[in-house]
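A.B. asks: Take a look at this one; I'll ask things after.
The values are calculated or read from the model by the stated rules, or taken from the named source; none is laboratory data. This is a predicted model, so every value here is computed, not measured. A quick note on method: Cβ atoms are made from the backbone with ideal geometry, for glycine too, and the neighbour counts reach across all protein chains shown.
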Amino acid sequence: MNISYDWYRIFYYVALNGNLTAAAEKLYVSQSAVSQSIKQLENSLGCNLFIRTTKGVRLTTEGEILYEYISKGIEHIKLGEKQLALQLNMESGEIHIGASDMTLEYYLLPYLEEFHKLFPKIKINITNGSTPETIKLLEKDIIDFAVISEPVPELKNCSVIPVSEIEDVFICGTDYNNQTITLNNLNTFPLIMLEKNTSTRKYIDTFFADNSISLSPEFELATSSLIVQFVKRNLGIGCVVRNFAEEALRSGKINEIILEKQIPKRHLCIVKKLTSISRASEKLLDLLLK
(Lines give C-alpha, C1' and ligand atoms only; values in the text may rest on other atoms or scores of the structure.)
Protein backbone atom coordinates (compact mmCIF):
# COMPACT_ATOMS: atom_id res chain seq x y z
CA MET A 1 0.00 0.00 0.00
CA ASN A 2 1.63 3.22 -1.18
CA ILE A 3 0.09 6.07 0.83
CA SER A 4 1.48 9.60 1.00
CA TYR A 5 3.27 10.56 4.21
CA ASP A 6 1.57 13.95 3.97
CA TRP A 7 -1.85 12.30 4.36
CA TYR A 8 -0.71 10.56 7.52
CA ARG A 9 0.78 13.79 8.83
CA ILE A 10 -2.50 15.65 8.23
CA PHE A 11 -4.42 12.78 9.84
CA TYR A 12 -2.13 13.05 12.90
CA TYR A 13 -2.74 16.79 13.33
CA VAL A 14 -6.49 16.50 12.83
CA ALA A 15 -6.68 13.71 15.42
CA LEU A 16 -4.42 15.65 17.81
CA ASN A 17 -6.47 18.85 17.58
CA GLY A 18 -9.93 17.32 17.03
CA ASN A 19 -10.64 20.01 14.50
CA LEU A 20 -9.99 20.48 10.77
CA THR A 21 -9.52 24.25 11.06
CA ALA A 22 -7.02 23.98 13.92
CA ALA A 23 -5.05 21.32 12.02
CA ALA A 24 -5.01 23.51 8.91
CA GLU A 25 -3.58 26.41 10.93
CA LYS A 26 -0.86 24.19 12.42
CA LEU A 27 0.08 22.91 8.97
CA TYR A 28 -0.21 26.28 7.19
CA VAL A 29 -2.61 24.88 4.57
CA SER A 30 -6.28 25.51 3.78
CA GLN A 31 -9.09 23.68 5.55
CA SER A 32 -10.29 22.31 2.21
CA ALA A 33 -6.83 20.81 1.58
CA VAL A 34 -6.98 19.10 4.99
CA SER A 35 -10.51 17.78 4.32
CA GLN A 36 -9.51 16.49 0.87
CA SER A 37 -6.42 14.70 2.25
CA ILE A 38 -8.48 12.96 4.96
CA LYS A 39 -10.99 11.78 2.32
CA GLN A 40 -8.17 10.44 0.13
CA LEU A 41 -6.64 8.62 3.09
CA GLU A 42 -9.99 7.10 4.08
CA ASN A 43 -10.63 5.98 0.50
CA SER A 44 -7.18 4.41 0.27
CA LEU A 45 -7.59 2.55 3.58
CA GLY A 46 -11.18 1.61 2.94
CA CYS A 47 -12.67 2.89 6.20
CA ASN A 48 -13.83 6.03 7.99
CA LEU A 49 -11.26 7.51 10.35
CA PHE A 50 -13.27 10.36 11.85
CA ILE A 51 -16.81 11.01 13.02
CA ARG A 52 -17.87 14.56 12.17
CA THR A 53 -19.59 16.46 14.99
CA THR A 54 -20.83 20.04 15.41
CA LYS A 55 -17.75 20.79 17.55
CA GLY A 56 -15.22 19.18 15.25
CA VAL A 57 -14.20 15.56 14.68
CA ARG A 58 -13.37 12.51 16.78
CA LEU A 59 -11.69 9.26 15.88
CA THR A 60 -13.60 6.15 14.93
CA THR A 61 -12.49 2.80 16.34
CA GLU A 62 -10.45 2.26 13.19
CA GLY A 63 -9.06 5.78 13.49
CA GLU A 64 -7.94 5.15 17.07
CA ILE A 65 -6.05 2.02 15.99
CA LEU A 66 -4.29 3.93 13.22
CA TYR A 67 -3.53 6.94 15.43
CA GLU A 68 -1.83 4.76 18.04
CA TYR A 69 0.85 3.86 15.49
CA ILE A 70 0.95 7.00 13.35
CA SER A 71 1.39 9.27 16.40
CA LYS A 72 4.48 7.33 17.50
CA GLY A 73 5.97 7.58 14.03
CA ILE A 74 5.32 11.31 13.70
CA GLU A 75 6.68 12.02 17.18
CA HIS A 76 9.84 10.06 16.38
CA ILE A 77 10.27 12.01 13.15
CA LYS A 78 9.85 15.30 15.03
CA LEU A 79 12.34 14.16 17.65
CA GLY A 80 14.80 13.18 14.93
CA GLU A 81 14.43 16.60 13.29
CA LYS A 82 14.99 18.29 16.63
CA GLN A 83 18.12 16.28 17.40
CA LEU A 84 19.47 16.92 13.92
CA ALA A 85 18.90 20.66 14.30
CA LEU A 86 20.73 20.62 17.65
CA GLN A 87 23.71 18.85 16.10
CA LEU A 88 23.80 21.16 13.09
CA ASN A 89 23.75 24.14 15.47
CA MET A 90 26.45 22.53 17.66
CA GLU A 91 24.05 22.32 20.60
CA SER A 92 24.42 18.56 20.77
CA GLY A 93 26.68 15.81 19.46
CA GLU A 94 29.65 13.58 20.16
CA ILE A 95 33.19 13.30 18.86
CA HIS A 96 35.27 10.13 19.07
CA ILE A 97 39.06 10.53 18.81
CA GLY A 98 41.90 8.03 18.99
CA ALA A 99 45.20 9.37 20.34
CA SER A 100 48.39 8.30 22.08
CA ASP A 101 49.70 9.81 25.33
CA MET A 102 52.09 11.99 23.37
CA THR A 103 49.59 13.35 20.84
CA LEU A 104 47.05 14.02 23.56
CA GLU A 105 49.38 15.77 26.00
CA TYR A 106 51.62 17.68 23.60
CA TYR A 107 49.29 18.45 20.72
CA LEU A 108 45.56 17.90 21.26
CA LEU A 109 44.93 19.33 24.74
CA PRO A 110 45.16 23.06 23.91
CA TYR A 111 42.81 22.57 20.93
CA LEU A 112 40.35 20.54 23.01
CA GLU A 113 40.33 23.30 25.61
CA GLU A 114 39.57 25.93 22.95
CA PHE A 115 36.91 23.75 21.30
CA HIS A 116 35.18 23.10 24.63
CA LYS A 117 34.95 26.83 25.29
CA LEU A 118 33.37 27.36 21.86
CA PHE A 119 31.01 24.37 21.99
CA PRO A 120 30.52 23.28 25.63
CA LYS A 121 27.58 20.98 24.83
CA ILE A 122 29.58 18.70 22.53
CA LYS A 123 30.73 15.49 24.23
CA ILE A 124 34.31 14.46 23.42
CA ASN A 125 35.34 10.81 23.80
CA ILE A 126 39.05 10.01 23.62
CA THR A 127 40.38 6.47 23.30
CA ASN A 128 44.00 6.28 24.38
CA GLY A 129 46.26 3.68 22.77
CA SER A 130 49.25 2.91 20.59
CA THR A 131 49.26 3.71 16.88
CA PRO A 132 48.37 0.13 15.78
CA GLU A 133 45.49 0.01 18.29
CA THR A 134 44.23 3.42 17.18
CA ILE A 135 44.37 2.48 13.49
CA LYS A 136 42.23 -0.60 14.18
CA LEU A 137 39.61 1.61 15.87
CA LEU A 138 39.58 3.90 12.82
CA GLU A 139 39.19 0.98 10.42
CA LYS A 140 36.23 -0.31 12.45
CA ASP A 141 34.61 3.19 12.47
CA ILE A 142 34.75 3.30 16.28
CA ILE A 143 36.50 6.70 16.15
CA ASP A 144 35.96 9.68 13.83
CA PHE A 145 39.65 10.37 13.34
CA ALA A 146 43.04 9.55 14.82
CA VAL A 147 46.01 11.68 15.88
CA ILE A 148 49.12 9.52 15.70
CA SER A 149 52.86 9.80 15.14
CA GLU A 150 54.76 8.71 12.07
CA PRO A 151 55.42 6.18 10.68
CA VAL A 152 51.81 5.81 9.55
CA PRO A 153 50.97 2.45 7.94
CA GLU A 154 49.49 2.37 4.44
CA LEU A 155 45.74 2.78 4.72
CA LYS A 156 43.05 2.51 2.07
CA ASN A 157 40.51 5.32 1.68
CA CYS A 158 42.16 7.48 4.34
CA SER A 159 43.80 10.88 4.33
CA VAL A 160 46.98 11.47 6.36
CA ILE A 161 47.69 15.09 7.29
CA PRO A 162 50.98 16.05 9.03
CA VAL A 163 50.24 18.70 11.67
CA SER A 164 53.21 19.01 14.03
CA GLU A 165 56.91 18.16 13.94
CA ILE A 166 58.49 15.97 16.64
CA GLU A 167 62.07 14.94 17.40
CA ASP A 168 63.39 11.71 18.92
CA VAL A 169 66.30 12.09 21.34
CA PHE A 170 68.46 9.92 23.58
CA ILE A 171 68.75 10.99 27.21
CA CYS A 172 70.87 9.95 30.18
CA GLY A 173 71.01 10.49 33.92
CA THR A 174 73.58 12.67 35.69
CA ASP A 175 75.85 9.65 36.29
CA TYR A 176 76.40 9.28 32.54
CA ASN A 177 78.68 11.27 30.27
CA ASN A 178 76.57 13.12 27.72
CA GLN A 179 79.32 13.60 25.15
CA THR A 180 78.80 13.04 21.43
CA ILE A 181 78.77 9.31 20.65
CA THR A 182 78.42 7.18 17.53
CA LEU A 183 75.36 5.07 16.74
CA ASN A 184 77.39 1.87 17.23
CA ASN A 185 78.45 2.91 20.72
CA LEU A 186 74.85 3.09 21.95
CA ASN A 187 74.71 -0.69 22.30
CA THR A 188 77.53 -0.53 24.87
CA PHE A 189 75.08 1.10 27.31
CA PRO A 190 71.93 -0.32 28.90
CA LEU A 191 69.14 1.05 26.68
CA ILE A 192 65.61 1.99 27.77
CA MET A 193 63.04 2.11 24.97
CA LEU A 194 59.34 1.83 24.23
CA GLU A 195 57.74 -1.53 23.47
CA LYS A 196 57.98 -2.88 19.93
CA ASN A 197 54.29 -2.39 19.10
CA THR A 198 54.60 1.43 19.15
CA SER A 199 55.18 3.66 16.12
CA THR A 200 58.06 5.42 17.91
CA ARG A 201 59.92 2.17 18.51
CA LYS A 202 59.35 1.09 14.90
CA TYR A 203 60.71 4.42 13.67
CA ILE A 204 63.86 4.19 15.79
CA ASP A 205 64.45 0.53 14.90
CA THR A 206 64.10 1.35 11.19
CA PHE A 207 66.55 4.26 11.46
CA PHE A 208 69.19 2.09 13.10
CA ALA A 209 68.52 -0.84 10.74
CA ASP A 210 69.14 1.53 7.82
CA ASN A 211 72.53 2.15 9.44
CA SER A 212 73.17 -1.62 9.81
CA ILE A 213 72.66 -1.53 13.58
CA SER A 214 70.29 -3.61 15.70
CA LEU A 215 69.49 -2.19 19.13
CA SER A 216 69.06 -4.51 22.12
CA PRO A 217 67.26 -2.61 24.91
CA GLU A 218 67.65 -3.76 28.49
CA PHE A 219 64.27 -2.22 29.40
CA GLU A 220 61.18 -2.03 27.18
CA LEU A 221 58.49 0.16 28.75
CA ALA A 222 54.89 1.04 27.92
CA THR A 223 55.15 4.84 28.15
CA SER A 224 57.71 7.57 27.50
CA SER A 225 57.04 9.09 30.91
CA LEU A 226 58.29 5.88 32.50
CA ILE A 227 61.44 6.01 30.37
CA VAL A 228 62.24 9.49 31.73
CA GLN A 229 61.77 8.21 35.30
CA PHE A 230 64.10 5.25 34.68
CA VAL A 231 66.71 7.58 33.14
CA LYS A 232 66.53 9.92 36.16
CA ARG A 233 67.53 6.95 38.32
CA ASN A 234 70.52 6.25 36.07
CA LEU A 235 69.21 2.85 34.97
CA GLY A 236 70.40 3.41 31.43
CA ILE A 237 70.15 5.62 28.33
CA GLY A 238 66.61 6.25 27.16
CA CYS A 239 65.00 7.17 23.84
CA VAL A 240 61.95 9.45 23.87
CA VAL A 241 60.28 12.20 21.88
CA ARG A 242 61.86 15.45 23.08
CA ASN A 243 58.58 16.83 24.49
CA PHE A 244 58.57 14.19 27.24
CA ALA A 245 62.10 15.09 28.35
CA GLU A 246 62.03 18.90 28.09
CA GLU A 247 61.11 19.66 31.71
CA ALA A 248 63.70 17.24 33.12
CA LEU A 249 66.34 18.56 30.68
CA ARG A 250 65.65 22.17 31.73
CA SER A 251 65.93 21.29 35.41
CA GLY A 252 69.22 19.47 34.90
CA LYS A 253 67.88 16.16 36.23
CA ILE A 254 68.82 14.46 32.95
CA ASN A 255 71.08 15.25 30.00
CA GLU A 256 70.76 14.80 26.26
CA ILE A 257 73.01 12.38 24.43
CA ILE A 258 74.30 13.99 21.23
CA LEU A 259 74.46 11.41 18.46
CA GLU A 260 77.12 11.70 15.78
CA LYS A 261 74.35 11.11 13.23
CA GLN A 262 71.08 12.87 13.95
CA ILE A 263 67.75 11.00 13.84
CA PRO A 264 65.52 12.69 11.21
CA LYS A 265 62.54 14.54 12.61
CA ARG A 266 59.04 13.19 11.94
CA HIS A 267 55.43 14.35 12.36
CA LEU A 268 52.27 13.95 14.31
CA CYS A 269 49.49 13.28 11.82
CA ILE A 270 45.72 13.43 11.67
CA VAL A 271 44.29 10.36 9.96
CA LYS A 272 40.65 10.17 8.86
CA LYS A 273 38.63 8.11 6.46
CA LEU A 274 37.49 9.65 3.18
CA THR A 275 33.88 9.46 4.33
CA SER A 276 31.55 11.99 5.90
CA ILE A 277 31.78 12.63 9.64
CA SER A 278 29.57 14.52 12.07
CA ARG A 279 29.32 18.31 12.05
CA ALA A 280 31.00 18.42 15.47
CA SER A 281 33.97 16.35 14.25
CA GLU A 282 34.29 18.57 11.18
CA LYS A 283 34.38 21.66 13.39
CA LEU A 284 37.13 20.20 15.58
CA LEU A 285 39.16 19.17 12.53
CA ASP A 286 38.79 22.70 11.14
CA LEU A 287 40.23 24.02 14.40
CA LEU A 288 43.12 21.53 14.35
CA LEU A 289 44.00 22.36 10.75
CA LYS A 290 43.45 26.12 10.93
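A.B. asks: Restricting attention to the range 196-224, which residues are under 23 Å from GLU133 (Cβ atoms), exposed (fewer than 15 other Cβ atoms within 10 Å of the Cβ), touching a helix residue (DSSP H, G or I) at 6+ places or on another chain (Cβ under 9 Å) and of a type in the set (S, T, N, Q)?
C.D. replies: The answer is ASN197, and nothing else.
A.B. asks: Further question: Among the polar types (S, T, N, Q), within 25 Å of LEU288 (Cβ to Cβ) and buried (at least 19 other Cβ atoms within 10 Å of the Cβ): is that true of THR127 in this structure? Even if it seems obvious, please write down each step before you answer.
C.D. replies: Values: among the polar types (S, T, N, Q): yes; within 25 Å of LEU288 (Cβ to Cβ): yes; buried (at least 19 other Cβ atoms within 10 Å of the Cβ): no.
Criteria not met by THR127.
A.B. asks: For the list (1) closer than 30 Å to PHE145 by Cβ; (2) at pLDDT 90 or above, I need the number of the one condition that THR275 fails.
C.D. replies: Condition (2) is where THR275 drops out.
A.B. asks: Would you check which residues across the range 110-157 are over 14 Å from ASN197 (Cα atoms), part of a loop (DSSP other than H, G, I, E, B) and free of Cβ contacts under 8 Å to residues at least 24 places away in the same chain and list them?
C.D. replies: Listed by number, the residues that qualify are PRO120, LYS140, GLU154, LYS156.
Yes or no, residue by residue, for (1) surrounded by fewer than 15 Cβ atoms within 10 Å (Cβ to Cβ); (2) of a type outside the set (Gly, Ala, Ser):
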{"site": "VAL14", "(1), (2)": "no, yes"}
{"site": "GLN31", "(1), (2)": "yes, yes"}
{"site": "ILE38", "(1), (2)": "no, yes"}
{"site": "GLU42", "(1), (2)": "no, yes"}
{"site": "LEU49", "(1), (2)": "no, yes"}
{"site": "GLY56", "(1), (2)": "no, no"}
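A.B. asks: I've got another one for you. When residues of the range 124-133 are filtered for being at pLDDT below 90 and either in contact with an Asp or Glu (Cβ under 6 Å, 6 or more places away or on another chain) or not acidic (Asp, Glu) (or both), how many remain? If you could, list the steps in order and put the result at the bottom.
C.D. replies: Of the range 124-133, the ones at pLDDT below 90 are 128-133.
Then keep just the ones that are either in contact with an Asp or Glu (Cβ under 6 Å, 6 or more places away or on another chain) or not acidic (Asp, Glu) (or both); that gives 128-132.
Adding up the residues that qualify gives 5.
A.B. asks: Moving on. If you take the residues of the range 96-123 that are among the hydroxyl-bearing types (Ser, Thr, Tyr) and touching a Leu at 6+ places or on another chain (Cβ under 6 Å), which of them is modelled with the highest pLDDT?
C.D. replies: Within the range 96-123, the subset among the hydroxyl-bearing types (Ser, Thr, Tyr) is 100, 103, 106-107, 111.
Add one more test, that the residue is touching a Leu at 6+ places or on another chain (Cβ under 6 Å), and what stays is 103, 107, 111.
Values: THR103: 89, TYR107: 92, TYR111: 95.
For the range 96-123, the residue satisfying everything is TYR111.
A.B. asks: Return the residues of the range 1-32 that are over 47 Å from the mean Cα position of the chain (by Cα) and in a helix (DSSP H, G or I); say none if nothing qualifies.
C.D. replies: LEU20, THR21, GLN31, SER32
A.B. asks: What is the residue count in the range 85-109 for residues that are without any contact (Cβ under 8 Å) to a residue 12 or more places away in the chain and outside any helix (DSSP H, G or I)?
C.D. replies: 1
A.B. asks: Continuing with this model, one more query. Quick check: is even one residue across the range 4-14 out of contact with any Leu (no Cβ under 7 Å at 6 or more places or on another chain) and among the aliphatic types (A, V, I, L, M)?
C.D. replies: Scanning the range 4-14, I find no residue that is out of contact with any Leu (no Cβ under 7 Å at 6 or more places or on another chain) and among the aliphatic types (A, V, I, L, M), so the answer is no.
A.B. asks: Continuing with the same structure: Anything in the range 23-51 that is small (Gly, Ala, Ser) and out of contact with any helix residue (DSSP H, G or I) (no Cβ under 8 Å at 6 or more places or on another chain)? List them, or say none. Spell out the reasoning first.
C.D. replies: Taking the range 23-51 as the starting set, the residues that turn out to be small (Gly, Ala, Ser) are 23-24, 30, 32-33, 35, 37, 44, 46.
Scanning the range 23-51 gives SER32, GLY46.
A.B. asks: From the list SER276, SER251, SER199, SER212, which residue is touching a residue at least 24 places away in the same chain (Cβ under 8 Å) and among the small types (Gly, Ala, Ser)? Steps first, answer last, please.
C.D. replies: On the way: SER276 fails: touching a residue at least 24 places away in the same chain (Cβ under 8 Å); SER251 fails: touching a residue at least 24 places away in the same chain (Cβ under 8 Å); SER212 fails: touching a residue at least 24 places away in the same chain (Cβ under 8 Å).
The unique qualifying residue is SER199.
A.B. asks: Here's another thing I want to ask about it. If we keep just the residues of the range 225-257 that are more than 18 Å from ASN177 (Cβ to Cβ) and acidic (Asp, Glu), which is surrounded by the fewest Cβ atoms within 10 Å (Cβ to Cβ)?
C.D. replies: Selected residue: GLU247.
A.B. asks: Another question, if that's okay. Could you list all residues from the range 151-166 that are surrounded by 15 or more Cβ atoms within 10 Å (Cβ to Cβ), over 17 Å from the mean Cα position of the chain (by Cα) and at pLDDT 90 or above?
C.D. replies: Residues satisfying the conditions are SER164, ILE166.
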